[in-house]
Amino acid sequence: YIPGLSIAPPSVQTFFMPIQSNLNATTLTTGVLSVEWNPNSPEGARLTIRVGQDIIWESVPKEAFLCTTQGHSNVKETRGFFTIRDSRLPFTEEQTLEEIQLIEDAIVLTGTLNGRTSVPWKVSLKVLDPEQILFTATLENPAKEPRLLLRYSCQPDERFFGFGEQFTHLDLKGRRLDILSQEPGIGRGIQPLTWLMNRFGAGGDDTRSNAPVPHYITSACRSLCLENHELSRFDLRAEEQVEIELWSDTLVARLFHGDPPESLIQSYTRFCGRMPPLPAWLQNGAIIGMQGGTAAVRKRLRRLEDVGAPISAFWLQDWIGVRKTSAGSQLWWNWELDPRQYPQWTSLCSDLADRNIQIL
């Protein structure tokens, strides 16, 4: 049951899933990418991915880096908040690594995930450019409603930043996040406010966001993003490992290489797109965020003009109208002008435009 912080979060997974392989130490290289399998490292067998001499990804010693299970969920949505009642079978107990091959311009690893059933798996690693490596993990003949779990190493003091628009924490290490767009919540873990608001389904928690992104940059200048649109969960609660649970049979990720962090952001935005420059009018003055209707806007405008305050825009999110609910005053979100809330809307827009003031 995942309602945020209204109940104690589940404990960090501590189970041990071994990786088995008869392969000798192997290193394959294509372009700037090299993949190393070392069954005899001092810590235990592990897989390492490098760009040049820099490690950009490394498995947890001795442990499987891929697991799978079959899951089922019941999802309820209320006012933009999601409650997920989730059930799943145990994850596979063992991963075998059987082959590492160079196929055309990709390094391909194959093996089997063993548990209640045996599921073949494949991982493909391909150079997209000197700063981006495409990492694709695929299950062959998966069960119904499959899930993939990717596990890998991190440093105990490594800090994790990103994950889209986050309102509460800058460093997300030590937390678990659902990458699911929803209302952020009222309270977001502050008690007793969150408990009270969750009675109306509106409490949320300290990692919910209406603009989450499966992408991070760490203090060790490592970065990863998922291309998947299915639900993903990033578990950063363990000191020395990261787990990504994905509700799919195929995981598509990009591993970014660079230093300083700015170069990682540049690599990521080459993939996801870059925001255009902001318009010049944003620098003309303050953006006034307010609600209340036409008369309230005109009154606020007169007061600001009386003191000579420069204004670039009014942000009026209640132009669509307001309704009373059990959770308080909320907007309609129907994207239609409410003439009762904003009578004489056209003349208001015209008067503001004459002053070079935008309406948002």
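The values are calculated or read from the model by the stated rules, or taken from the named source; none is laboratory data. None of the values given here were measured: they were computed from a predicted structure. Here Cβ is always computed from backbone atoms with ideal geometry, including for glycine, and neighbour counts include all displayed protein chains. Surface areas here come from the heavy atoms of the whole protein model, side chains and all, with no ligands, DNA or RNA. Shrake-Rupley method; radii C 1.70, N 1.55, O 1.52, S 1.80 Å.
Things to note:
- Segment 182-214, subset crowded, with 20+ Cβ neighbours inside 10 Å and of a type in the set (S, T, N, Q), residue farthest from residue 240 (Cα to Cα): 198
- Matching entry among 179, 217 (being over 20 Å from residue 47 (Cα atoms), open to solvent by 10 Å² or more (accessible area, probe 1.4 Å) and touching a helix residue (DSSP H, G or I) at 6+ places or on another chain (Cβ under 9 Å)): 217
- Residue 271 passes every criterion in (1) under 31 Å from the mean Cα position of the chain (by Cα); (2) over 15 Å from residue 162 (Cβ atoms); (3) open to solvent by less than 80 Å² (accessible area, probe 1.4 Å) apart from (2).
- Whether a residue is in contact with a helix residue (DSSP H, G or I) (Cβ under 7 Å, 6 or more places away or on another chain), among the aliphatic types (A, V, I, L, M) and open to solvent by 30 Å² or more (accessible area, probe 1.4 Å) was assessed, and residue 288 does not pass this test.
- Filter result for residue 237 (within 16 Å of the chain's Cα centre (by Cα), basic (Lys, Arg) and at pLDDT 95 or above): yes
- Selection status of residue 160, aromatic (Phe, Trp, Tyr) and surrounded by 18 or more Cβ atoms within 10 Å (Cβ to Cβ): yes
- Of the strands (runs of 3 or more DSSP E) lying entirely inside segment 142-239, the ones with 3 or more residues being in contact with a Cys (Cβ under 9 Å, 6 or more places away or on another chain) are found at 146-153, 215-218.
- Tallying residues that are on the phi > 0 side of the Ramachandran plot and either open to solvent by 60 Å² or more (accessible area, probe 1.4 Å) or of a type in the set (A, V, I, L, M) (or both) within segment 291-307 yields 0.
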